[in-house]
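Notes for the one structure printed next.
A short reminder: the numbers here are calculations on the coordinates, not readings from a lab. Just so you know, these numbers come straight off a predicted model, no measurement behind them. Ideal geometry is used to build each Cβ from the backbone, glycine not excepted, and the neighbour counts take in all protein chains shown.
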Amino acid sequence: MTNTLHRYGNAESFRDDYVVFAMASKGKNDDDCVPKLKRFLEMALPFHPVNLGDAIHGGSVRPSENMNPAAHWTRELKRDFRAVIDGLTEYTTAAAVFDNLSAAEEFVKAVKQADLGLCINISTSIDGAQQCCCAASQNRHSVGYSLGFQGKTEKLPNTQVLMLATMCGHGMISASFAKKMIDWVKEGRRTPEQAALYMANFCSCGVYNPSRAKRILEEAQHTQK
Amino acid sequence: MKINSDKCVACGNCTYVCPMGAIYVDQSLNRAVVDQDECVECYTCFNGMSKEHLNPTVVRTLRALFKMMRLRFDPEPDVCPTSALEPQELVWPRVVRRAFSDPRVPHESTGVSGRGTEEVKTNDITGRVQPGEVGFTIEFGRPGVGVRFHEIQRMTQALAKAGIGFEAKNPITSLLSDPASGTIREDVLNEKILSAIVEVKVPIARMEEIIRMVREVEKQVDTVIAIGVGARCDDEGQEQEVFSALQRLGYQPERAKTNLGLGRITNIKALQEHA
């Protein structure tokens with residue numbers, strides 16, 4: 001997923017960001033891929049993912065089509081992993097997001113053992129991915145490096161906003177909204193966790209990492225800018 | 001996308017969630033409005049916001065009362081209270097905006113959702129990037145800046161001039177009216193999209209040439225570029241040649257996607273062809 005490749009930050013900032021995803025290539029291994037993708041997601045649950053998603057239906061936090069007006073006072077945004085698994089009904093990419101290395105390592109081991117035949121990728125720091133491979137005794141096949149952003153970078157927002165907004169590489173989390181959430185957290189209008197989950201609504205494939213977002217918001221809360 | 005002015009209560013929530021900043025509250029109308037030239041039809045506002053279906057007259061009245069008392073309601077920030085956002089029927093060439101901007105819509109040319117490419121993500125079974133080669137994904141427009149096809153054409157023309165072929169299974173390639181010259185079909189050139197990926201592969205020896213080409217093109221376009229460089233690992237799972245070359249060119253890659261090599265060809269027809 002190129003949309004997870006260009007997350008903004010250095011290797012240290014990816015210490016709580018491991019996206020493991022499964023996909024099939026059209027005409028090669030996509031026959032009967034739906035039950036395999038569902039199994040991939042199901043297998044992630046014991047390792048306590050922070051998000052699950054499929055590229056068509058979205059992640060574990062989704063907007064409501066009929067929100068009750070009372071929700072403004074009582075709303076509790078929750079992650080619904082079962083809805084993601086049950087809702088995967090067609091060819092897509094499935095992703096499981098973890099916020100710690102050991103969970104990612106254990107999941108990769110389990111996926112290798114399951115031998116689903118799907119193409120499995122990890123998106124994180126280069127070292128983090130190597131450690132996952134090492135734990136699973138699996139040699140890397142290919143690697144896609146991110147060279148970061150270039151060109152008219154003066155059009156980009158500040159570092160903290162960029163770190164939040166690029167967690168949806170498809171660009172569905174706007175810089176303005178990320179900035180608004182930082183401001184709201186600073187003003188005490190919402191907690192970092194609440195603000196992180198509002199942004200999760202907009203990620204259309206579930207690769208957004210609410211745990212990393214919460215940490216970034218907590219850090220932003222104590223900075224002057 | 002359009003906003004139904006009969007329903008809109010100018011709460012302003014949608015102005016923040018638009019990745020392109022294409023929605024604004026028109027003070028003379030007291031309604032939110034979409035700048036159609038800047039809107040890339042990503043559907044972020046429509047798909048991402050919760051909907052309340054409140055009565056617009058009641059909401060406006062309450063808002064006016066609060067305003068008189070200099071009070072302000074603190075609503076949820078990800079809600080359209082009156083479901084005023086309404087998709088419009090898209091016709092050619094505007095329809096390409098959505099194809100390249102709404103990741104939930106699979107690209108017709110590749111059948112792949114998102115940005116429509118498989119790159120090295122399926123390299124273990126497609127062999128798209130072989131040992132000794134590098135696969136480039138040159139993405140224009142993200143995050144949050146957007147790009148028009150005439151800007152992308154500068155890249156495709158530069159690559160074509162250098163004799164570099166384009167990845168067949170890629171949405172931008174499908175829009176080339178003349179792949180030999182890198183010309184994109186004229187009727188879409190001014191369409192604005194959220195982002196798009198130009199995808200090529202070259203021998204490792206030509207890697208530096210491509211990167212220098214991108215650096216030239218980036219001076220001519222009014223957007224940001226993100227380069228991804230894909231390479232095969234050796235039998236021990238190591239990859240040093242491309243990484244070192246990138247360091248020599250001034251890059252210090254921190255993040256990567258890693259294909260574990262667990263994929264297998266399982267489709268019967270593909271297995272027969274493989275055999």
With Rg and the Kirkwood Rh both taken from Cα atoms, where does Rg over Rh land for chain A? 0.97
Give the Cα extents of the stretch B:157-275 along the principal axes, in whole Å, largest first. 43, 41, 27
Working only with C-alpha atoms, what are the Rg and Dmax values of chain B, expressed in angstrom? 23.0, 78
Other chains near B:13-20: what is the mean number of their Cβ atoms within 10 Å of each residue's Cβ? 5
Cα centre as origin, Lys/Arg/Asp/Glu Cβ charges: the protein assembly as shown dipole, Debye: 1080
Explain nothing, just the number: dipole magnitude of the stretch A:14-81 about its Cα centre with +1 on each Lys and Arg Cβ and -1 on each Asp and Glu Cβ, in debye rounded to the nearest 20. 60
Pulled fully out, how much extra length does the chain show between B:LYS269 and B:ASP6, if you take 0.36 nm times their separation in residues and subtract their Cα-Cα distance? 89.2 nm
Given pairs B:LYS161/B:LYS269; A:LYS214/B:LYS7; A:LYS186/B:LYS7; A:LYS179/B:LYS192; A:LYS112/B:LYS257 and cut-off 29 Å on Cα-Cα distance, the over-length ones are B:LYS161/B:LYS269; A:LYS214/B:LYS7; A:LYS186/B:LYS7
Peptide A:115-127, shielding by other chains (average Cβ, 10 Å cutoff): 6
Number of partner chain Cβ atoms within 10 Å, mean per residue of A:186-198: 1
As a test of the definition: which semi-axes, in Å, follow for the stretch B:1-83 when you take the square root of five times each eigenvalue of its alpha carbon gyration tensor? Largest first, please. 22, 13, 11
With the Cα gyration tensor of the protein assembly as shown in hand, convert its eigenvalues to equivalent ellipsoid semi-axes via √(5λ) and list them largest first in whole Å. 37, 26, 21
Taking Cα atoms of the stretch B:221-275, Rg/Rh with Kirkwood Rh, to two decimals? 1.15
Lys/Arg Cβ at +1, Asp/Glu Cβ at -1, dipole of chain B taken about the Cα centre: which of B:ILE184, B:ILE164, B:SER50 is farthest positive-ward? B:SER50
Would you list A:SER25, B:SER50 from fewest to most Cβ contacts within 10 Å? B:SER50, A:SER25
Compute the helix-to-body angle for B:149-161: its Cα long axis versus the longest principal axis of chain B, expressed 0 to 90° and rounded to tens. 10
Based on Cβ point charges of +1 for Lys and Arg and -1 for Asp and Glu, what charge dipole magnitude is obtained for the stretch B:41-97 about its Cα centre, in debye rounded to the nearest 20? 360
Tell me which of B:GLY21, B:ILE211, B:LEU71 sits at the most positive position along the dipole axis of the protein assembly as shown, charges placed on C-beta atoms (Lys, Arg +1; Asp, Glu -1). B:LEU71
Starting with the fewest neighbours, write out A:PHE202, B:PHE149 ranked by other beta-carbon atoms found within 10 Å of each beta-carbon. B:PHE149, A:PHE202
Karplus couplings for the stretch A:168-184 from phi (6.51 cos²θ - 1.76 cosθ + 1.60, θ = phi - 60°), rounded to Hz, Gly and Pro as x? 10, x, 6, x, 7, 9, 6, 4, 4, 5, 4, 5, 4, 5, 4, 4, 5
Taking the number of other C-beta atoms within 10 Å as the exposure measure, put B:VAL242, B:VAL17, B:VAL25 in order starting with the fewest. B:VAL25, B:VAL242, B:VAL17
Among B:VAL34, B:THR61, B:LEU90 - extreme Cα towards positive end, dipole of the stretch B:26-111, charges at beta-carbon: B:THR61
